[in-house]
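The values are calculated or read from the model by the stated rules, or taken from the named source; none is laboratory data. What you are looking at is a predicted structure, and each value in this text was computed from that prediction instead of being measured. FYI the Cβ positions are ideal-geometry reconstructions off the backbone, even for glycines, and counts take in every protein chain you see.
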Amino acid sequence: MLEIKALTKYFGGLAAVQSLNLRISRDEIVGLIGPNGAGKTTVFNLVTGFLRPTGGRIMFAGEDITDRKPHSIAERGVARTFQATCLFAEFSVLQNVIAACHLKPKFSFWEAAFHTPRNRRKEESILSRALEIVQFVGLDTVKDMPARSLPHGHQRILGIAIALAAEPKLLLLDEPLSGMNAEEVNNAKEIIHKIWKNGITILLIEHNMGAIMSLCQRIVVLNFGNKIAEGSPDEIRENKEVIQAYLGTVEYAT
């Protein structure tokens with residue numbers, strides 16, 4: 001589904017990503033780990049068109065998307081979340097998801113202006129889809145609450161719901177468990193696993209090693225923009241270079 005070939009990004013004289021090769025097959029959950037500054041979010045920004053690469057190519061579903069703009073890449077089925085949750089603070093949970101659902105259908109100005117029957121059907125379809133997403137991620141009991149009033153864990157889940165509204169084939173999650181307590185982490189892990197079970201391929205950046213090890217089929221490790229390891233959770237857990245650089249001597253339970 002996604003193939004990254006010799007992807008390189010320089011900021012001035014600093015290589016944030018250096019000759020990265022990565023393939024993600026349909027229906028995989030792949031983890032991307034490394035310390036702060038390793039280049040993980042830069043990879044996300046390159047794949048989703050927020051940054052232009054210095055070199056290399058990005059292929060999605062067999063199509064070269066290297067030079068496409070973010071909206072064009074999103075239309076092809078690539079959606080993402082961000083480290084900082086991006087919400088309409090005064091909108092309700094449901095309104096946030098409805099707003100995101102409007103990115104997908106094609107609306108005519110005149111249909112909207114005159115509120116035609118076709119426009120009303122589209123609006124009804126969007127409302128139904130938004131309600132379905134809110135229920136899917138477990139936010140239906142707080143759907144009428146303003147986003148700013150939600151606890152942190154719920155705000156992070158709402159960020160995932162907004163990404164799902166784009167109907168992605170590939171979902172890039174950037175530290176979705178950040179700042180969550182243990183109960184919220186377990187809930188979020190269940191939601192991520194459910195998203196994958198529903199046929200959405202996932203690339204996951206996360207510092208919670210227990211979550212990475214239990215969720216991902218394969219893990220890629222970056223260090224200063226270079227890939228230093230790739231393999232199954234067991235292989236990464238036993239890799240001496242990874243242990244020394246990222247995991248220390250702590251054993252992380254699955």
Considering region 70-90, residues that are among the charged types (D, E, K, R) and within 17 Å of the chain's Cα centre (by Cα), and then whichever is farthest from Lys5 (Cα to Cα), we arrive at Glu75
Item checked: Residue check for Leu32: modelled with pLDDT of 95 or more, within 14 Å of the chain's Cα centre (by Cα), assigned to a strand (DSSP E or B) and surrounded by 21 or more Cβ atoms within 10 Å (Cβ to Cβ) -> yes
Exactly one of Leu46, Leu7, Leu51, Leu87 is in a strand (DSSP E or B) and either in the same structural domain as Gly225 (by TED's automatic domain parsing) or not acidic (Asp, Glu) (or both), and that one is Leu7
Flagged pairs (Cβ under 7 angstrom, 6 or more apart or on separate chains; first in region 203-217, touching a residue at least 60 places away in the same chain (Cβ under 8 Å); second acidic (Asp, Glu)) are Ile205/Asp174; Ile205/Glu175; Glu206/Glu175; His207/Glu175; Ile212/Glu206; Gln217/Glu28
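Identify the residue in region 35-50 that is surrounded by fewer than 18 Cβ atoms within 10 Å (Cβ to Cβ) and free of Cβ contacts under 8 Å to residues at least 60 places away in the same chain and, among all such residues, is nearest to Val221 (Cα to Cα). Step through it out loud before you land on a result.
We begin by selecting, within region 35-50, every residue surrounded by fewer than 18 Cβ atoms within 10 Å (Cβ to Cβ); these are 35-37, 50.
Going one step further and asking which of them are free of Cβ contacts under 8 Å to residues at least 60 places away in the same chain, we end up with 36, 50.
Details: Asn36: 12, Phe50: 22 Å.
If we take residues in region 35-50 being surrounded by fewer than 18 Cβ atoms within 10 Å (Cβ to Cβ) and free of Cβ contacts under 8 Å to residues at least 60 places away in the same chain, then Asn36 is nearest to Val221 (Cα to Cα).
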- Item | Test: residue in region 91-101 that is more than 19 Å from Pro168 (Cα to Cα), under 15 Å from the mean Cα position of the chain (by Cα), without any contact (Cβ under 8 Å) to a residue 40 or more places away in the chain and surrounded by fewer than 22 Cβ atoms within 10 Å (Cβ to Cβ) | no
The number of residues in region 194-217 that are buried (at least 19 other Cβ atoms within 10 Å of the Cβ) and not in a helix (DSSP H, G or I) is 9
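I'd like the residue in region 1-29 that is polar (S, T, N, Q) and surrounded by fewer than 16 Cβ atoms within 10 Å (Cβ to Cβ) and, out of all such residues, is nearest to the chain's Cα centre (by Cα).
The first filter runs over region 1-29 and keeps only residues polar (S, T, N, Q), leaving 8, 18-19, 21, 25.
Cutting the leftovers down to surrounded by fewer than 16 Cβ atoms within 10 Å (Cβ to Cβ) gives us 19, 21, 25.
On the way: Ser19: 22, Asn21: 19, Ser25: 16 Å.
Checking each candidate, the answer is Ser25.
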Taking first residues from region 133-151 that are without any contact (Cβ under 8 Å) to a residue 12 or more places away in the chain and closer than 11 Å to Val93 by Cα and second residues anywhere that are hydrophobic (A, V, I, L, M, F, W, C) and part of a helix (DSSP H, G or I), the pairs with Cβ under 7 Å that are 6 or more apart or on different chains are Asp140/Val134
Scanning region 52-82 for residues that are within 27 Å of Ile157 (Cβ to Cβ), of a type in the set (A, V, I, L, M, F, W, C) and surrounded by fewer than 20 Cβ atoms within 10 Å (Cβ to Cβ) gives Phe82
